[in-house]
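The values are calculated or read from the model by the stated rules, or taken from the named source; none is laboratory data. Quick caveat: nothing in here was measured; it's all calculated off a predicted structure. A quick note on method: Cβ atoms are made from the backbone with ideal geometry, for glycine too, and the neighbour counts reach across all protein chains shown. Protein only, heavy atoms only, side chains kept; ligands, DNA and RNA dropped before computing areas. Shrake-Rupley method; radii C 1.70, N 1.55, O 1.52, S 1.80 Å.
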Amino acid sequence: QVQLVESGGDLVQPGGSLRLSCAASGSFFSINAMGWYRQAPGKQRELVATSTAGGSLNYADSVKGRFTISRDNAKNTLYLQMNSLKPEDAAVYYCNAVIRRRASVRGVDYWGQGTQVTVSS
């Protein structure tokens, strides 16, 4: 059983910072791309940032220069450092990973349960 568990969501004032974490656990061969997505009430889930296994990073325009995605492959953990938070950043943040359970199979999408980020004074 593969699981992604996010943590780090909280209530923060505008201009503040938070660091989200996503730890992958279970039995698997490798993790390919990982990423953060978010969903605000009444809106569709949107990409925030992604990190490929090769180290390529991609950010939504709305978070460029404020958010930083990183991963610790030894710990199977993905991070999202969020600085200069704005009220419009408030959402449930989800971790996504493409994971190969065995070397002989293709990667499959896994999602975490989400962590709430609230930005309000």
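A simple rule links phi to the HN-Hα coupling: the Karplus curve 6.51 cos²θ - 1.76 cosθ + 1.60 with θ = phi - 60°, which for the range 96-111 gives 10, 8, 9, 10, 9, 5, 9, 5, 8, 10, 7, x, 10, 6, 10, 10 Hz, with x for Gly and Pro.
Full extension of the segment from Leu11 to Ala40, taken as 0.36 nm per residue of separation minus the current Cα-Cα distance, would add 9.0 nm. Phe28 contributes about 50 Å² of solvent-accessible surface, heavy atoms of the protein only, 1.4 Å probe. The fraction of accessible area contributed by carbon and sulfur in the chain is 46 percent, rounded to a whole number (1.4 Å probe; ligands and nucleic acids excluded).
Which shape class, rounded, prolate or oblate, goes with the range 52-121 when its Cα gyration tensor gives a ≥ b ≥ c as root eigenvalues, a/c under 1.5 marks rounded, and past that a/b bigger than b/c marks prolate?
Judged from the Cα gyration tensor, the range 52-121 comes out prolate (a/c at least 1.5, a/b above b/c).
When both the range 1-22 and the range 101-121 are represented by their alpha-carbon centers, they are found 12 Å apart. Ordering Gly9, Gly26, Leu78 by the projection of their Cα atoms onto the charge dipole of the chain, which places +1 on the Cβ of Lys and Arg and -1 on the Cβ of Asp and Glu, puts Gly26 at the extreme positive end. Shown in residue order for the range 40-57 are the 3J(HN,Hα) couplings computed by the Karplus curve 6.51 cos²θ - 1.76 cosθ + 1.60 at θ = phi - 60°: 8, x, x, 10, 6, 5, 10, 6, 9, 6, 9, 9, 7, 4, x, x, 6, 10 Hz (x for Gly and Pro). Over every Cα atom in the chain, the radius of gyration and the widest Cα-Cα span, Dmax, amount to 14.2, 51 Å.
Roughly how many Å² of Arg100 are accessible to a 1.4 Å probe, to the nearest 10? Its accessible surface works out to 60 Å², give or take rounding. In debye to the nearest 20, how big a dipole does the chain give about its Cα centre with +1 on each Lys and Arg Cβ and -1 on each Asp and Glu Cβ? Roughly 360 debye for the chain.
Couplings 3J(HN,Hα) of the range 73-90, computed from phi: 5, 5, 9, 6, 10, 10, 10, 9, 8, 10, 10, 6, 5, 10, x, 6, 7, 5 Hz, in residue order, whole Hz [Karplus 6.51 cos²θ - 1.76 cosθ + 1.60, θ = phi - 60°; x for Gly and Pro]. With all projection directions averaged, the alpha carbon convex hull of the range 1-48 covers 4.8 nm².
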